[in-house]
1. Amide H to amide H under 5 Å from Lys497: which residues, 5+ apart in sequence or cross-chain, H placed 1.01 Å off N in plane?
2. What list of ³J(HN,Hα) values in whole Hz, one per residue of the range 391-404 in order, does the Karplus curve 6.51 cos²θ - 1.76 cosθ + 1.60 (θ = phi - 60°) give from phi, with Gly and Pro shown as x?
3. Which value, in Å² and to the nearest 10, is the accessible area of Asp350 when all protein chains are kept and the probe is 1.4 Å?
4. What whole-number volume per residue, in cubic angstrom, does the convex hull of the C-alpha atoms of the range 161-304 give?
5. Could you rank the peptides 516-523, 778-785, 187-194 by their average count of other C-beta atoms within 10 Å per residue, with the highest value first?
6. Heads up, I need the accessible area for Glu417: 1.4 angstrom probe, whole protein in place, Å², nearest 10.
7. Of Lys368/Lys615; Lys379/Lys949; Lys949/Lys1164; Lys283/Lys368, which ones are farther than 32 Å apart at the Cα?
8. Quote the FRET efficiency, to the nearest 0.05, computed for Glu637 versus His440 with a Förster distance R0 of 60 Å and r equal to the Cβ-Cβ distance.
Amino acid sequence: MVSASRKLFDSLLPTLTISFVSGYCYQVSGYCYRLPLTSNTTFLVQPFFADFLLEILISTSSREVRQCALRNIIRLCKIETSACDIRAVIHQILLKARLPLWSTSSAGTRGPNQKLLAQSIEYFDLRCQLTENLTKEMQKMLHIDAQQILTDEFNWLSTYTVSSTSNELRAIDNILFMGHLRFIRTLLTCENINKIEFGNDFIRLLIDQFLFPASKSMSLTITPTNNENDLLDNSVPEPKCSTSESRLAAYDVLVELVRNCRPNLKIVVEDLINLHHRPILEKQTEWEFMPQVNPRATCGLVGLYNGGATCYMNSILQQLYMLPQISEHILSVHDDLENTTNGTTNKNGDSSLFYQLQQVFGHLMESKMQYYSPESLWKVFRLWGQEINIREQQDAFDFFTAMTDQIDEYLKSMKQEEIFRKQFEGIFCNQMICTNGCRHRYEGEERFMALNVAVKVDSLNESLNQFVKGEVLDGNNAYFCAKCQEKRTTIKRLCIKKLPPLLCIQMKRFGFDWENNRALKFDDYFKFPLVLNMEPYTLDGVNKRESFVEHDDSTNNTHNDGLINSSTGDNKSLPRSTSSLNNPSNNMPTINYELIGIVIHSGQANAGHYYSFIKDIRRRHSNNTNQWYRFNDTSVEEIQLTEQMLEEECFGGTFRVQKDNNNSTEERTRFWNAYMLIYQCIEPSKLLPPPPPVPSSPNTIRSSRHIPGTAVRVQHRPPNQRDSLSQLADLVVRSENSDLFKIEKPLIPSRVLACVKDENLEFLKNRDTYCEDYFQFIYKLSNICFDDINIPFDMEFIENDNDETSYDLCTKLALNFLFNTHLRTHRRLRKDCLQQWVQLLSRLFNKNLSSCEIFYNLLYERKENGLKLYLLDCPIEDIRFIFEQICEQVLQATYSHLIEKNHHIQETNSNDNHETLIINIDNNLLTLMKQFIEQLINLLDKSVVEQVKQSQAFFQLIYSYIKMNQNAIDYLLQLNTFTRLMNFLLGENLDTRRWNSGQAKEFGIIHEIIATLVLACNSTTEIFDQQQLQLKTHMNLYFQGKLANRYLKEICYAFQEVSPSQLIRTIQLLERIAYNNETFSEQLIRIILQSIVQAHTNDLKSLFKLLSHILLIEDSLQTKRVQLAFASTNESSNGDNCQIFNGLYSLIQTSIETEQRRAYQTVKFLINLSNTSNACKDYFSSTANQWEFAINWLKQQMQTSWQWSPAQNVSNEDTDTRSFQRTRSAQFTLEQAQSLLQQTTATTTTTTNNDASTSELMELNDTQSQSSSQSTLVGID
C-alpha cells in the first residue's frame, strides 16, 4: 500500500491543479480517517508524505492551492489516534524541513529560494495553528521548546537585513516578516513563556526598527557635530515593516506582549506617548489635521502642490529641475557663499528667491513625499516687481523669464556663473547686405533667451524659416551705406549667430482682440519634431547655402547676387528656395537638438491649466533611454510619448468625434496644445564659437524685461575669445550626455538637506501613525487591561505604591492619544469611532479611581486651559461634544467613587458613631473635581463671551453636571454660578438685549440651568443659612426686583427662539414663583402680552403655550390672572403705556384689519384654553359680549365666496403671509367657538327670556349645521 501511494504522489506532484489538490487533500484526510491505526501511522511517517506536504504547502506557486492544503492539513491534525499523534508528526515534518526561511537577507538568496520566501505565509500559518496556547505537557509531547524557538526568532529578527534597492525584494521581506511575526505572537501564547524576560528586547526591536524608526530618530537628543559627513548625511530610517499586513502582525506581537504583563505595558505606553502623543504647544490650535501620508510616485519623482492657480509655476519648475545642468548647479551653491552685495552675511537667506529655489530642487530630489508645497517660494517671488496672487493665473513663459533673470542676477551678485545665460542664451545676427555694387555688410548682435515663433503656419520648421528669410530694401526704402555714402539696394535678414546648449521655444498662442477688448488663444495645428536641425537657421548655415546658390547660378551664367531680388519698387521678400532649408543635400552639416521638455496649456486665454511632459535625460529613475513623464501638479506618471500621442496631446488643431446615437461626426478643437518647448543639443561640439566683436554694434547689457509675444533678446557684450578651455568644455558636455561623469546624488547645501531630512522624518512618522491600522492598535492597547482576567484588579502585583496599574497605563495612553492626536485629525480619518472611545473611557473611569485623577491632571498640565481649548476654541462641533461627553463620564465616575468610599467609611465607623460626609473623604479626588468645576465656571467671565457661537457643549456640560446630585448644585451655588450666568445672559446694559436672535437660539439650556439652580435653592434644606439668605435675596432681584423686567423679557425671547420642550424647568420655575404671587403674576402676564403683540406670527404659538401654563395655575389668583390676560386694564405699573398691556380681546380687535393671522391665533388660543380650564371657560362665558365680534369675523372669513383646496399645505401658524388662510384647523376652531357661544347664549336666554336672543341662537344653529357639513372637507393646521 505504501509503495503504491508513493508512486501515486510522485506522478501527481508535477501536474497539480487547484481542483485536483482540493479534492485529493480531502481524500487523503478521509483516507486517514478510515485507515487502521497502525496503517495510519505507517502512512504518515513515509518520506514521500513529507515531500508532498511541503510541496503543496510552500513550493506551489498558486496561493489557492496552498490555502486549500492548509485547511486540509489542519483537518488531518484533528484526527485522534492512540498509535501516534498526527499533530506531532506534522510538527516534526515542519521542524525538520530544510527551508531558506531563516536566511539573513532576501538579497543573498537565489531565485528559487526567493520564490519560497514569497510563498511562505501558509507554512507559518500552519505552524501558528499547531502552536497556539501550547501547555508544558503539549510542548514536551511535541518535542517543542517554545522558549528556545522564541529566542531563535528574536535573534533572526535582530540580524535580518532589509533590501533597500529593490521594491520586489522589499515585498518579499515583508511577507517573510509577516510570517515570522505571526509565529512569534503564537509562541507568546504558550505556557512557560516569561514575557517580562523577552519583553524589553522585543519591544525595543519592534518599535525602534520594525515600526517607528523615524519617530525614534526624531525623539533622540540632537548633539552638535563638526563632522561634514554627518552634516551631509541625508539617510532617513525606513521601518522594516513597510506594508499594512506586516505592520499589523507587528502590532499583534506588541499586544500579546503586554497582555497580562504590566511591566511590558508600561514600556509600550511610555514609548508610544513619548514618540507620538506628547502635547506640542505649536500645534495646540491645529484642527482637522491631515498630513501627507502618500509616498513618492511609483516612478520615483515628486510632484508640486498647486496653491490655487500656480500650475504655471509647477510646470516650469519641474522642467528646470529635470535639467541636471541647471538643478545641480543651483544646488552646488552652498550657504557659505550666500552674501549680500555689501559683502556681509545674508542673515535673511531664507527670504531669498535663490534659497527657496534650492529648497524646491532639494525636495524634488530627496523628498519621500508625494509632493512638495513651495509656499515660501510663492511669498518671495516677484513678477514684474509685484507679489503674486496664488489664485490668479499667470503666463508660464513670463514666469520662466522672470525666474531666470532673478536667479542669474543673484548668482552674478555672488560672483557665481550665471547658469541660465550659459545654458539658454544665444545670439541673433541682424544683417544688412548691400547688393548692387559695393556688397558691403553690416551686422549687429542681439542676445536671446528664447525663440518666439508664430503658430499660424503648419510646423516649427516653417516658422523658423521666417527668422532667416530676408527682405529687400530698395527704392525709397533703400539702405544708406555708410561706406559708399549713398543708398543701396539692401538685403535685411535675421539669423542665429550662436546657438545655446538648451534651446527654449515659445509659441505665440496668445493674443488680444483690441476691437472686442478680449484675450485670444490660437489653437491652430502646429507640428514640431522630436529632433530639430538648427543648422539651416545659423549664420554659417545661411552663408553655406548662399555659396551653393551662387555656385549653381555661375554655372548657368546667371548674374545676380544670390539672395538678392534686384527689382525696384516696394519692399519684397527674399526669393530663397525653402528646399535649401528643409531639404539640404546629404553633405550639408547638421546641428541637431533633441526635444526634452514640453509645457502644455489646456483651456482658454483667460482660464486654463498648465502641465508638462519631460524626458528623463539623466535616466536617474529609469534605464529606458526614451522615458517621458507627465508632471501635473502633485501627480507624476510615466508615459510613452509616441508620434500619435505627440500629435493628439501637443499639436493642437481639430479632431472629429462621433455624435451620440448618430453615425455622423462633428469637428472639435483641441484646446490643449504645446506652449513651450525645450530642446537640448545632442551635438555640442558643433555649437558655434562666439565670433570676434563687431565694432559697429554697441556694447549693452541684457534687458531684464521683455515685451510679451516677442523674442527675448539681449544686446551684445564682448565675449572672451575661444581657447583650449572651450574645447575642454565641449568634452565635458559630451561626457555629461554620455553619463561618463554621472553623479547619482549631487551635494546639497546643508541647510536644504537638513530641512528635507526633517520633513522626511516627519512624513514617515505621520505615515506610520495617521492611519486606521495604527488607530485600531492604540484602541486594542487601551482596552488590554480588561483582558487581564487571570489577575484580579485588587491582586495585581505592584512593587510599590507609586507603581501604576494596568488601568492607569491604559487610561494614560487613551487620553494622550485622544487629546493630542485623534481628536485633531481630519474627520475622514476619525470616521465614526469616537463613541467607542467614550465608552472605553467610561469603563476605565468607573473601574479605576486613579483614571479620573489622571484625566484631571492631564488637563491641568497644559499651559493653556484644556477646558477652554476643547470646549470653546475647537472649531469642530462633534469634537466639542465628544469632549463634553468624556467630561460628563469622568464627573459621574468621580461621584460614584466618592459615594462608594463614603459608604465604606460609614460602615467602618458605624460603631464609633462618627458622621462621615462626602466632602471629608478622598480629599485628592474631590479637590481635583472641584478645581475642574471651578475652572469651568471661570470661563463664563470672558472666554465664553468670546466664543459664544461655539458654547453649546460648554453649557451642556454644566447642565449635565447640575443634574447629577444635590452636591453638584450646592457647589455651583457656592461658585456664584447663578450671578455669572445672569451677567452672561443679560449683560450690563439692561435697556438693550445683549445677544441677537441668531446667537441666543442655543441659549435654552442656559435658562434651564438657571431654573434648576433657583428651584434647588428654594427647596434645599438650610445648610449655610447666611450664604443662602444672601443668594435668595440676590435671586429676587431677577424675579421681583429691578432686574425682573429685563429677565422676564429674555425668557419671552427664549420661547420665541427655542422649542418649549427644551424649557421645561423654566416653565416649572415661573409656575412656582407665580403661585399665589400677585405682583409677579401681573408683571409676567403683561410682559408675555407685550411679547405677543411684538413677536412675529410664526412665534406666537410658543408664547401662547407659555401664557397657558401661567393661566392654568390653580390657586387663589387664577381668576385674576385670567381677567388680566383676557380683558384690558386701565392700570399701569411704573408709568408704562396702557395700550401695551391691553388684553387679548383688544389684541383681536386691533389685529383683524392689519394682521389677520395674529387675530386668528389669539381666537384659537382663547377657545382651546376655555376647553382646558373651567375657570377660564367661566370667565370666557361671562364676557361673551366682548369676544362675539371675533366669532362673527371668523365666520365671515370662512364663508367667503372664493374657492380653496383643503389639500394645500398651508397654516396660520408658520407661514410668512399676514392674511388669514382657510384651513381645517380654522374650521374646527370656528365650530368650537360657535358651540361655546351657543352655550353662553342659551344660559342668557333662560335668565332674561329675550326673544331676540332666541332668534339669534336659531340662526347660529343653522350656521353650525352648515359648517358641520363643510367640516368633512377641511382639516387642521
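1. Counting only residues 5 or more places away or on other chains, the set is Ile427, Phe428, Cys429, Leu539.
2. Residue by residue, the range 391-404 yields 9, 10, 6, 10, 7, 5, 5, 4, 5, 4, 5, 5, 5, 5 Hz.
3. Rounded to the nearest 10, that gives 90 Å².
4. Working: hull volume 26.4 nm³, N = 144.
Cα convex hull per residue, to the nearest whole number: 183 Å³.
5. Working: 516-523: 12.9, 778-785: 21.2, 187-194: 16.1.
Output ranking for 516-523, 778-785, 187-194: 778-785, 187-194, 516-523.
6. Solvent-accessible area, nearest 10 Å²: 90 Å².
7. Details: Lys368/Lys615 21 Å; Lys379/Lys949 34 Å; Lys949/Lys1164 37 Å; Lys283/Lys368 23 Å.
With Cα atoms farther than 32 Å apart: Lys379/Lys949; Lys949/Lys1164.
8. Values: r = 58 Å, r/R0 = 0.96.
Taking R0 as 60 Å, the efficiency between Glu637 and His440 is 0.55.
The values are calculated or read from the model by the stated rules, or taken from the named source; none is laboratory data. Just so it is clear, the structure is predicted and the values come from calculations on it, not from any experiment. Positions of Cβ are backbone-derived with ideal geometry, glycine not excepted, and every protein chain shown enters the neighbour counts. Heavy atoms of the whole protein, side chains included, go into the accessibility calculation; ligands, DNA and RNA do not. Shrake-Rupley method; radii C 1.70, N 1.55, O 1.52, S 1.80 Å.
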